[in-house]
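The values are calculated or read from the model by the stated rules, or taken from the named source; none is laboratory data. Quick caveat, the model's predicted, so the values are computed rather than measured. Virtual Cβ from ideal backbone geometry, glycine too; neighbours counted across all protein chains shown.
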Amino acid sequence: MIERLSNSQLLQLILTNVKELTREPGVLFWGIIFPILMSLGLGVAFTKKKDVITNIAVTGQEKLMTESPDSTSAIMSFLMANNAVAEKDKKGVVTRKLTVPDDKLGNTSFIFHSLSWKDAMVMLKRGNINIILDEKNGVIQYHFDPMNPDAQLTYLKLSKLLNRTLPVDTVPTAEIIPLTVSGTRYIDFLIPGLIAMGVMMSCMWGVSYAIIERRSKKLLRRMVATPMKRSNFLIAMITVRLLMNFVEAGLLFLFAWLVFNITIQGSVSALIVLFISGNFAFAGIAIFISSHTAKTEVGNGLINAVSMPMMVLSGVFFSYHNFPEWSIPTIQKLPLSMMADGIRSIMIEGAGFAEVAVQGIFLSAIGIVFFIAGMRLFRWH
């Protein structure tokens, strides 16, 4: 009899929990439907066969874009032999595009930009290109980071195509010149992105999820019953998280400095101001996300819905210039993109206050707007 009663109770408890879940649309959407939609979108994006576009900087080739190329240049002979098409980008700069068809692996399009060495290095540091091509005394020089797999693949494809296109007796000698100085390596591109992503994830989970969890446990209701000023509670959480983010970012940079010899080439004070602005932006977004819901499952979905797209799009692990051109202006306006781009420009390009002023102002404005909106919508019970 006792065992039968116990089993009946267990069944009723299971049915009760099932009904609670099925009666909460947010739980079903964020727990079931949203992951399916994410897998569908990413699956279509990464399995659809399309052209692989590779940008290459060519230095010392002033006649690269002219109709009458320099016949003594092996690079120009290679481009003209393959009928590389002259095009203009959105800024009106002329480039040459060479498309190599491949039915099995997809077409590869090489876009050659004629740039000065200084401009080419800036594009390389920003991740817009991964290889610099030069020609001196009949020798073609490939400048790239040997630890960058994309650069290695570009070199293999391009060198093979060049050797196959030009006549055997005219194929020039090739030389690989590794770019291992600070600012040109992949690790130099990665660390600023990791610092920015760390701020975003810390605020999303350390502020937003903590508030939702306290609301679900009725702790916020108890706290608001005290003489506590409501805004002070949120400001205190943001302040603690800001201090923690400084410690976490400092330790990450210390590790990168000791192991990879990464340095800050720009203004340290500008970096600190930009870092604080980024914290304000993501803290404000975190307050807004956690302003209403009391379900941890829904909060988990909201946090992932905000953070995951930016992790993929905002150029943390690879340049967002790999995405279609029409999407880049929108991606550049994302908070994580602005913060990562600003930190990179300071750390590896030597930027100061003037170069990152726009990012700092926008990030601060985002934080203020979302914080005010979150306060107006905030539920304490």
Close pairs from region 363-381: first of a type in the set (Lys, Arg), partner crowded, with 18+ Cβ neighbours inside 10 Å and in a helix (DSSP H, G or I), Cβ under 6 Å, at least 6 apart: none
Check on PHE318, without any contact (Cβ under 8 Å) to a residue 12 or more places away in the chain and surrounded by 15 or more Cβ atoms within 10 Å (Cβ to Cβ): no
Filtered residues of region 345-365 (kept if modelled with pLDDT of 90 or more and either charged (D, E, K, R) or over 30 Å from ILE262 (Cα atoms) (or both)): ALA365
Yes/no for PHE362 being in a loop (DSSP other than H, G, I, E, B) and crowded, with 16+ Cβ neighbours inside 10 Å: no
Residue within region 251-273 that is in contact with a Cys (Cβ under 8 Å, 6 or more places away or on another chain), assigned to a helix (DSSP H, G or I) and surrounded by 15 or more Cβ atoms within 10 Å (Cβ to Cβ) present: no
Whichever residue in region 206-246 is β-branched (Val, Ile, Thr) and in contact with a helix residue (DSSP H, G or I) (Cβ under 6 Å, 6 or more places away or on another chain) and, among such residues, is surrounded by the most Cβ atoms within 10 Å (Cβ to Cβ): ILE212
Hits in region 220-246 (condition: in contact (Cβ under 8 Å) with a residue 12 or more places away in the chain and closer than 21 Å to ALA294 by Cα): LEU220, ARG221, MET223, VAL224, ARG230, SER231, LEU234, MET237, ILE238
Residue ID - surrounded by the most Cβ atoms within 10 Å (Cβ to Cβ), chosen from residues in region 70-121 that are hydrophobic (A, V, I, L, M, F, W, C), modelled with pLDDT under 80 and in a helix (DSSP H, G or I): LEU79
Of the criteria (1) under 24 Å from SER208 (Cβ atoms); (2) assigned to a helix (DSSP H, G or I), which one ILE348 fails: (1)
Residues satisfying the stated conditions in region 274-315, i.e. outside any helix (DSSP H, G or I) and under 15 Å from ARG379 (Cβ atoms): SER290, SER291, HIS292, THR293, ALA294, LYS295
The lone exception for LEU156 - which of (1) of a type in the set (A, V, I, L, M); (2) at pLDDT below 75; (3) loosely packed, with under 15 Cβ neighbours inside 10 Å it fails: (2)
Top-ranked residue of region 289-338 - restricted to ones that are within 23 Å of ILE131 (Cβ to Cβ) and of a type in the set (Phe, Trp, Tyr), ranked as farthest from the chain's Cα centre (by Cα): PHE323
Some residue of region 188-210 being over 29 Å from PHE318 (Cα atoms), modelled with pLDDT of 80 or more and part of a helix (DSSP H, G or I): yes
Meets criteria (more than 23 Å from the chain's Cα centre (by Cα), at pLDDT 80 or above, outside the structural domain of ALA286 (by TED's automatic domain parsing) and at negative phi) for SER216: no
Matching residues, region 124-151, being surrounded by 20 or more Cβ atoms within 10 Å (Cβ to Cβ), in contact (Cβ under 8 Å) with a residue 40 or more places away in the chain and hydrophobic (A, V, I, L, M, F, W, C): LEU124, ILE129, ILE131, ILE132, LEU133, ILE140
Residue among ALA249, ALA286 that is touching a residue at least 60 places away in the same chain (Cβ under 8 Å) and among the aliphatic types (A, V, I, L, M): ALA286
